[in-house]
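Written below as structure tokens is the structure these notes are about.
The values are calculated or read from the model by the stated rules, or taken from the named source; none is laboratory data. Predicted model only: the values in this text are computed from it and were never measured. Cβ atoms come from the backbone with ideal geometry, glycine included; neighbour counts cover every protein chain shown.
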Number of protein chains: 2
Amino acid sequence: MSVETITFPAAVLRAFCERTFEHFGVPADDARVAADVLLRADLRGIDSHGVARLVTYVDMLELGRINPRPKPFVVRATPSTATFDGDNGLGLVVGPKANALAMEKAEACGSGWVSVRNTNHYGIAGWYVMEALKRDLIGWAMTNSTKLVAPLWGVERMLGTNPIAIAFPGKEEPPIVIDLATCAAAYGKIEIAKRRGEPVPSGWAIDKTGAVTTDPQGMIDGGALLPLGSDREHGGHKGYALALMVDVLSAVLSGANWGPFTPPFALRQEIPARSVGKGIGHFFGAMRIDGFVEPDEFKTQIDDLVRTFRATKPAPGTHGPLLPGDPERACETERAKSGIPLVLPVVRDLRGVARRLCIPFD
Amino acid sequence: MSVETITFPAAVLRAFCERTFEHFGVPADDARVAADVLLRADLRGIDSHGVARLVTYVDMLELGRINPRPKPFVVRATPSTATFDGDNGLGLVVGPKANALAMEKAEACGSGWVSVRNTNHYGIAGWYVMEALKRDLIGWAMTNSTKLVAPLWGVERMLGTNPIAIAFPGKEEPPIVIDLATCAAAYGKIEIAKRRGEPVPSGWAIDKTGAVTTDPQGMIDGGALLPLGSDREHGGHKGYALALMVDVLSAVLSGANWGPFTPPFALRQEIPARSVGKGIGHFFGAMRIDGFVEPDEFKTQIDDLVRTFRATKPAPGTHGPLLPGDPERACETERAKSGIPLVLPVVRDLRGVARRLCIPFD
């Protein structure tokens, strides 16, 4: 089934996002970074995390639920660690500042680790680790998020899709960019299947009774996503444990809300029963490569590793293994040239924002 | 099918392991730690990583493939990072020393991160992160290992079962201890199914043609394990990416052998086609909780989180979600009292070692 889209140059969408954030009083420098995080998602083909979410940011800013001019501060620090309070700013603004702090600490003492509270949705985790690449650092990024995923053997939504990202630079080869949600499949894929009237594969979701379901509506109506590994037999306890790890590092360590109490991003989502901290939580890390090995030697080995893995004998019906980050990089190259295709509901949302805020769009 | 076992007190097995290591010239302090790592695996029910492996360590020591009296050294360091060369010692000896270095760095500057080369199999990753708990630190441990796992869309064994471990202390509740291999199912489970003449679940393994197989022999004869997530649809690319992350942090960062070139642990396994570094690699991390938040506050929140997750509505036919580390802790409590049941082939191996080395066993 083909989906009708309208294609926009990245620059047009970027300028629109910037002006939208500025409309709510976000300082120009912050608006520029926030727009960059969103656009990078669209360029890399992670459409669920790009301009499609602008309308939600607008809703939150309009209702005063997000602080457009936060004064984030360091709550506590050692030479290589810190807790950062985002002052309820946009995650797209707080995240980059906290990530920069981790990188500064790494440059000063080998590594830097920053747990962040009182923040909001920060876009794609991959953006942060690609920033670290620019400074020849190995970057780590995690975040917790609104509950969608059941722990293995549980029936309720208790965890977010809690992603883990890390990137390693190559020399002649492109970097390895890992960015993965710790659930079996993204919520967006459930929504797409629902729109198409198609079932989802077994192992993605349970319904509200806890039974595995292939009906997307069954998951949407009070069901839950399954963790990476799906069931006990296939390692569902491992995906659950990884999601829990992300939750503790991002939220328990910083004093944010964890697990089922993580506040929702969209307005239509349920407000948690109680508050156990401030906002949602992120976790950033950065490590100096030369804190371990000569960077040139590291990158030469990464090149060798990348070529070795590409040369793996391919499974039947495939072209062989990819390296993490390959599909997103290919998409970025293509979309930087030919533009970003947006589905009609997203275009409608953006036009709606343009009308409401009197900002020219298209 | 019940399996015949003989039960030994942990103290008997511990003493036997110590004397065996000492027989080969391992210093008494090192032998004690090495035996502790092995016994902790048996106590916690991870039978594949405990005394069942002693005979392999003996083979390696007897052939001079492992250095019984290594002089490990720091290759390069910053205040919070280091590369450690294990001088080809037992992983059970080198690992604890490198882990201790990570913890010392954490105590000095908030966090410590140590990548290790020129080392060997280090036992269970969980041992290292439980050591960190004793010092009120959040410990991380990873290691690469001999190839057994295919990257998604590949037909060859290219990666080890590359585990990730991390632990978080509670206050009144027991700690959360995460220790997971990044493949869908352990190789030991394939061997057990083979012995029982039973098929394995689809999603665990492929045969040498790359076809998914439920025949354990199909995997053993030149096939491979699948990464966590199993196939593309269920997130097999995520398990593959996590295994690659562990490989890079443990081996590329330290200058050890990575991917398919990681040397084998057992003698019967294939020697890799080329060498790209020294020995296998580990990666340890430690973070001071008070580098982020008041430790008492952190532990109180962990207690709340543990109780919240235990109170999740149970899936049909289950008692509800466990917390990572629950099954191992229950096993440890039981086996500390009633002893460690060993299957007959393991007892035969240990008796063989006792005869060869003239060390009393039972």
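Give the residue, chosen from B:Pro260, B:Pro316, B:Pro324, B:Pro264, that is modelled with pLDDT under 95 and under 19 Å from the mean Cα position of the chain (by Cα).
Testing whether each residue is modelled with pLDDT under 95 and under 19 Å from the mean Cα position of the chain (by Cα) leaves just B:Pro264.
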Sole exception among (1) touching a Cys at 6+ places or on another chain (Cβ under 6 Å); (2) away from chain B (no Cβ under 14 Å) for A:Phe16, by number: (1)
Kindly indicate whether any position in segment B:232-247 is of a type in the set (Val, Ile, Thr) and at the interface with chain A (Cβ under 9 Å from one of its Cβ atoms). no
Filter segment A:172-192 for residues that are within 12 Å of chain B (Cβ to nearest Cβ) and either over 12 Å from the mean Cα position of the chain (by Cα) or modelled with pLDDT of 95 or more (or both) and give the result. A:Pro175, A:Ile176, A:Val177, A:Ile178, A:Asp179, A:Leu180, A:Ala181, A:Thr182, A:Cys183, A:Ala184, A:Ala185, A:Lys189
Condition (residue is assigned to a strand (DSSP E or B), over 29 Å from A:Gly154 (Cα atoms) and hydrophobic (A, V, I, L, M, F, W, C)) applied to segment B:349-360: is it met by at least one residue? no
Pick from segment B:17-36 the residues that are within 14 Å of B:Lys97 (Cβ to Cβ), part of a helix (DSSP H, G or I) and touching a residue at least 40 places away in the same chain (Cβ under 8 Å): which of them is farthest from the chain's Cα centre (by Cα)? B:Asp30
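State yes or no: is A:Ile302 outside the structural domain of A:Thr20 (by TED's automatic domain parsing) and touching a helix residue (DSSP H, G or I) at 6+ places or on another chain (Cβ under 7 Å)?
Taking the combined requirement at face value, the residue satisfies it.
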Counting only residues in segment B:139-161 that are more than 11 Å from chain A (Cβ to nearest Cβ) and part of a strand (DSSP E or B), the one farthest from B:Asp247 (Cα to Cα) is identified as B:Gly139
Flag if B:Gly255 is modelled with pLDDT of 95 or more, over 18 Å from the mean Cα position of the chain (by Cα) and within 12 Å of chain A (Cβ to nearest Cβ): yes
Restricting attention to segment A:111-126, does a residue exist that is over 20 Å from the mean Cα position of the chain (by Cα), outside any strand (DSSP E or B) and outside the structural domain of A:Ala34 (by TED's automatic domain parsing)? no
When you scan segment A:78-91, do you find a residue that is closer than 16 Å to A:Ile124 by Cα and of a type in the set (Val, Ile, Thr), even just one? no
Restricting attention to segment A:304-329, which residues are surrounded by 15 or more Cβ atoms within 10 Å (Cβ to Cβ), part of a helix (DSSP H, G or I) and more than 7 Å from chain B (Cβ to nearest Cβ)? A:Val306, A:Arg310, A:Asp326, A:Glu328, A:Arg329
Residues satisfying the stated conditions in segment B:195-206, i.e. away from chain A (no Cβ under 11 Å) and crowded, with 16+ Cβ neighbours inside 10 Å: B:Ala205
Among (1) on the phi > 0 side of the Ramachandran plot; (2) in contact with an Asp or Glu (Cβ under 8 Å, 6 or more places away or on another chain), B:Leu152 falls short only on (1)
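Given the criterion over 30 Å from A:Ala330 (Cα atoms) and free of Cβ contacts under 8 Å to residues at least 60 places away in the same chain, identify the matching residue among A:Lys194, A:Lys189, A:Lys208.
Among A:Lys194, A:Lys189, A:Lys208, only A:Lys208 is over 30 Å from A:Ala330 (Cα atoms) and free of Cβ contacts under 8 Å to residues at least 60 places away in the same chain.
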Restricting the first residue to segment A:329-340 and requiring it to be without any contact (Cβ under 8 Å) to a residue 40 or more places away in the chain, which pairs with a second residue that is surrounded by 17 or more Cβ atoms within 10 Å (Cβ to Cβ) and not in a loop (DSSP other than H, G, I, E, B) meet a Cβ separation below 7 Å and a spacing of at least six or different chains? none
Restricting attention to segment B:77-96, does a residue exist that is surrounded by fewer than 23 Cβ atoms within 10 Å (Cβ to Cβ), without any contact (Cβ under 8 Å) to a residue 24 or more places away in the chain, assigned by TED's automatic domain parsing to the domain that holds B:Ala286 and over 17 Å from the mean Cα position of the chain (by Cα)? yes
